[in-house]
Structure formats: C-alpha cells, structure tokens
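Notes for the one structure printed next.
The values are calculated or read from the model by the stated rules, or taken from the named source; none is laboratory data. These numbers come from a predicted model, not from an experiment. Cβ coordinates were reconstructed from backbone atoms using ideal geometry, including for glycine residues, and neighbour counts include every protein chain displayed. The area values use the complete protein model at the heavy-atom level, side chains included, leaving out ligands, DNA and RNA. Shrake-Rupley method; radii C 1.70, N 1.55, O 1.52, S 1.80 Å.
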Amino acid sequence: MSQSTPGTDLTAEQIRETVEQILAAGTLPPIVQAGHPALRQRAAAFDGQLSGELLTRLVNLMREVMHQAPGVGLAAPQLGIPLQLAVLEDQFDVDPEAAALRNRSPLEFLAIVNPRYAPLGPGLASFYEGCLSLNGLQAVVARHEHVLLEFQTPDGAAAQREFSGWQARIVQHETDHLNGVLYVDRAQLRSLSSNAEYAAHWAEPGISRAQHGLGFDAGPAGISNA
C-alpha cells in the first residue's frame, strides 16, 4: 500500500447515512468505477459505525450485488462506502484445465471485516485478473500463492484463515480495495487488455502466449504489499 494513500474523510455519521441511503433506495446500487474517491482512500476500520442490523443488511446487499455483477468478491468502497468490509464467494463452474493450473476451487460465502493479509512463503502466481470497478479490462497480476488472512466476522469475532491459489488471489484483491489499491497498481501494464481483445487473443489457462505477444514478464510490479 502506498504511504501517501489518504484515509477517508467521511465521519462515522456520514458513513452510516450513506449506508442508510443505499439500503433505503430499494434497488441494487451501482458499482462505482475507477476515479471514484472511495476507491483511492483507505476505508475506515469498522468500530461500530453501523448497528448489527444495518451491518447484516449491508452484507446481504453486497452479496446480492456481487452475484448480479457477477463477480467473486465485492468491497464496500465499490459501493461508495468507505468501510473495511468485503464479501467473497466463488461458486462458478470453470474449465477443469484452467482450474487446475490456477489452483481454483470453490469458495464458500465469507464476509470479512477489518482484514489484513500476510504472505505464507515466497511463492507467486501470475494470471489475468479483472475488477468490477474497472469494467471491460483485464491485466496480469502477480499475487502471493498462499496468504494468512486476519479479520473479524460481522458479529465481531476475531478470526484467521489460510488461503491458497485463486482463493488467495480473491482475498488479496478485495483486501487491497479497502486500502485504496486497485489491481492495476500491481499489474504488468503491457498485459492490459480489453475483455474483447483478451477473448480474441489471450484466453487460455496460463499467460505464456500473452507474455510473448504483448512483451511483459510475469514478476511482481507496482506498489509494495498491503
């Protein structure tokens, strides 16, 4: 995370009012796109800004937005809510070859509050990655293959859990969102592709053809670890 990343300037009351307005709308809120200030600020640590009932409703709404998108994760800042909260779930059927190469297995629904991750070992994996807040684009990102996530559950219990493979990628991507980090900050920018061009030229389980065709390496890029 860049040390210059500003924290949110919204007060606890303003955060609560933002959540109440979104929940009162009666429709699914839009996912904000790159350029929205909430995506480039450190979200506020959750410390009771929302009642238990409001938090539960927000988690349920975020899950619904994630499913509708569809995606495998959604962070509160992606709804314009600068709060350290994200939801994760990966139940998609994927090609067996791709699943094996990417170490991708189903991830049951999980809501995480105030998360922090740390790498477990030096291993990195590089694959194309996208984001619901950068519609229509993908780029190759090197991520830790194994991480330890420390977080709180929505009911306030402290928890920690190890993740590997694609699950670890999802955890890192969503936790980064809460610190004002987008995947393009870590990406090999020469790999950046529209979804259409990716589908036309580089859609395969690995990235070797894209590396050769676009001229990038598979190592880490961009900013330091969160």
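Quick notes on this one:
- Under the condition of being within 11 Å of Tyr128 (Cβ to Cβ), open to solvent by less than 70 Å² (accessible area, probe 1.4 Å) and not in a helix (DSSP H, G or I), the residues counted in the stretch 191-217 number 7.
- Against the numbered list (1) more than 21 Å from Asp90 (Cβ to Cβ); (2) touching a residue at least 12 places away in the same chain (Cβ under 8 Å), Ser208 comes up short only at (2).
- Looking across the stretch 170-190, the residues that are in a loop (DSSP other than H, G, I, E, B) and in contact (Cβ under 8 Å) with a residue 60 or more places away in the chain come down to Leu178, Asn179, Gly180, Val181, Leu182.
- Per-region count, the stretch 149-167, residues over 23 Å from Asn60 (Cβ atoms) and open to solvent by 40 Å² or more (accessible area, probe 1.4 Å): 4
- Count of residues meeting criterion [small (Gly, Ala, Ser) and more than 23 Å from Leu132 (Cα to Cα)] in the stretch 25-54: 3
- Scanning the stretch 63-91 for residues that are closer than 27 Å to Ala203 by Cβ and in a helix (DSSP H, G or I), we see that the one that is farthest from the chain's Cα centre (by Cα) is Gln68.
- Residue check, Gln33 surrounded by 12 or more Cβ atoms within 10 Å (Cβ to Cβ), without any contact (Cβ under 8 Å) to a residue 40 or more places away in the chain and assigned to a loop (DSSP other than H, G, I, E, B): no
- When Gly80 is tested against (1) surrounded by fewer than 22 Cβ atoms within 10 Å (Cβ to Cβ); (2) touching a helix residue (DSSP H, G or I) at 6+ places or on another chain (Cβ under 6 Å); (3) without any contact (Cβ under 8 Å) to a residue 40 or more places away in the chain, only condition (3) is not met.
- Residue match in the stretch 102-118 (condition: surrounded by 15 or more Cβ atoms within 10 Å (Cβ to Cβ), touching a strand residue (DSSP E or B) at 6+ places or on another chain (Cβ under 6 Å) and free of Cβ contacts under 8 Å to residues at least 40 places away in the same chain): yes
Conditions (1) touching an Asp or Glu at 6+ places or on another chain (Cβ under 8 Å); (2) modelled with pLDDT of 95 or more; (3) closer than 17 Å to Phe109 by Cα, marked per residue:
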{"site": "Asn135", "(1), (2), (3)": "no, yes, no"}
{"site": "Thr153", "(1), (2), (3)": "no, yes, yes"}
{"site": "Gly165", "(1), (2), (3)": "yes, yes, yes"}
{"site": "Ala168", "(1), (2), (3)": "yes, yes, yes"}
{"site": "Val171", "(1), (2), (3)": "no, yes, yes"}
{"site": "Ser193", "(1), (2), (3)": "no, yes, no"}
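- Condition check for Leu134 on (1) surrounded by 16 or more Cβ atoms within 10 Å (Cβ to Cβ); (2) over 14 Å from the mean Cα position of the chain (by Cα); (3) in contact (Cβ under 8 Å) with a residue 60 or more places away in the chain: one failure, at (2).
- Meets criteria (closer than 28 Å to His146 by Cα and in a helix (DSSP H, G or I)) for Val94: no
- If you filter the stretch 43-57 down to residues that are under 17 Å from the mean Cα position of the chain (by Cα) and crowded, with 18+ Cβ neighbours inside 10 Å, you find that the one that is farthest from Gly136 (Cα to Cα) is Ala44.
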